[in-house]
Amino acid sequence: MSLLFSPIQLGGLRLRNRIAVSPMCQYSAVDGAAQPWHWQHLGSLALSGAGVVITEATSVASEGRISPPDLGLWSDEHQALLTSLIEDVHSYCDTPFGVQLAHAGRKASTARPWDGVGAVAPANGGWTPVGPTDEPFDETYPLPAALDLEGITRIRAAFVKAAERADACGFDLVELHGAHGYLLHEFYSPLSNHRADDYGGSFENRVRFALEIARDVRAVWPRSKALGMRITGSDWTEGGWTPEDAVRLAALLKAEGLDYVCVTSGGVAPKIRIPGSEPGYQVPFAAKVKAETGIPTMSVGMIVTAHQAEEILASGKADMVALARAMLDDPRWALHAAAALGDEAAYPPQYERAAAKYWPGYSRARSGD
Ligand SMILES: Cc1cc2nc3c(=O)[nH]c(=O)nc-3n(C[C@H](O)[C@H](O)[C@H](O)COP(=O)(O)O)c2cc1C
């Protein structure tokens, strides 16, 4: 059996394999509420064969959405819709769902990709975002309001409330979004945090907010489920967050009782070159965090083929892989990966006649000839 298709335990959650569908914003919600698009998107990915499907960045507060049509989990209506979505999907398949709880900080109130770039003005449904200071991401982004202690406390409470709602919805995993230049990353990166209080300056002060949220959510999220954080391996520039910082943060998160980290990179400041088209370009960050902390670690970013994913795990560089674009490209990715690695894949019975062992056309379909 391949490592990719061997089970893994994340805290109290046992996954049938080591493949996660990575969070992907769909920009298709209405006032934070899930729509028919989310039923087809998450339902289709639940049939991918992955061990867990993690929702898009799901905001814990209205002002924490990246774009007005982002998904949210701050109201009873949001909770009821996501509860029925999970119930519906689980009526035909048992793939567990995770939710990525997020707050976009100073990168909030921006246009969804197909509506242009930059700030959405209040007249068009935008708002004043919050950040560690009043410095914007760049000149096209909205001017944020600097968070005071009351605001920090309010956001901590919003993460806790959203986690409680996620549990009630039937999610089995919470991933706290601590990367890509959103609020938690904005606090811990020296590039975006120029505060002079207990939340700025030293490494200990900059990671304080992320650790507080991890601790708060750990206190309410069941041990029988999984809790992790997506963190940054590097800001990719002089004076920014480093792989060594990521190791220190991951060790602190492990001490707080988190069950895993997913190591990604970039996004906290503009005009920084990232080698984002190179296969597995973020794997070295995951490998370092895993080797130096021992916390179960997911790698993400330009992981495309089954053999590439298997090699990452077999060489001990990560415990799991998360895939985003490869899953959009092929929403049966993990079923096909199992066949490529000689493993059994759990096809839904309705689709079984398209499996390699029943369909003579299977290998031609994969080779593209
Ligand atoms: C359409 C799309 C939406 C994304 N939205 C999110 C998101 O909500 N949260 C997040 O942490 N990353 C998000 N990402 C980043 C992916 O989760 C992933 O880290 C990145 O695409 C690299 O992985 P890949 O090479 O497998 O696509 C998004 C990526 C795509 C393509």
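Since every read-out is calculated from the coordinates, none of them should be taken as a lab result. Please read these numbers as outputs of a predicted model, since none were measured by experiment. Counting neighbours? That spans all protein chains shown, and the Cβs are built from the backbone with ideal geometry, glycine included.
Beta bridges assigned by DSSP with both partners in the stretch 25-153 are antiparallel in approximately 20 percent of cases. For the stretch 40-94, applying the loop criterion from DSSP together with a ceiling of 13 other beta carbons within 10 Å to the GluC sites (Glu not before Pro) yields no site.
Couplings 3J(HN,Hα) of the stretch 91-99, computed from phi: 6, 10, 7, 9, 4, x, 10, x, 10 Hz, in residue order, whole Hz [Karplus 6.51 cos²θ - 1.76 cosθ + 1.60, θ = phi - 60°; x for Gly and Pro].
Its residue count N fixes a reference of 2.2 N^0.38 Å for the chain, and the Cα radius of gyration divided by that reference is 0.96. Using the Cβ of Pro190 as centre and a radius below 12 Å, the other residues enclosed give a net charge of -2, where K and R count +1 and D and E count -1. One chain, two ends: Tyr92 and Arg14. Fully extended at 0.36 nm per residue, the span grows by 26.1 nm beyond their Cα-Cα distance.
Taking label positions 7 Å along the Cα-Cβ direction at both Ala251 and Arg112, the computed distance is 4.3 nm, reported to one decimal.
Database remark: amide H of Asn17 closer than 5 angstrom to the amide H of Ile8, Gly51 (H placed geometrically; neighbours at sequence offset of 5 or more, or on other chains; Pro and chain starts carry no H). Each other residue within a Cβ distance under 12 Å of Ser224 adds +1 if Lys or Arg and -1 if Asp or Glu, for a net charge of 0. Relative contact order for the chain: 17 percent, from Cα pairs under 8 Å spaced at least 6 residues apart, divided by residue count.
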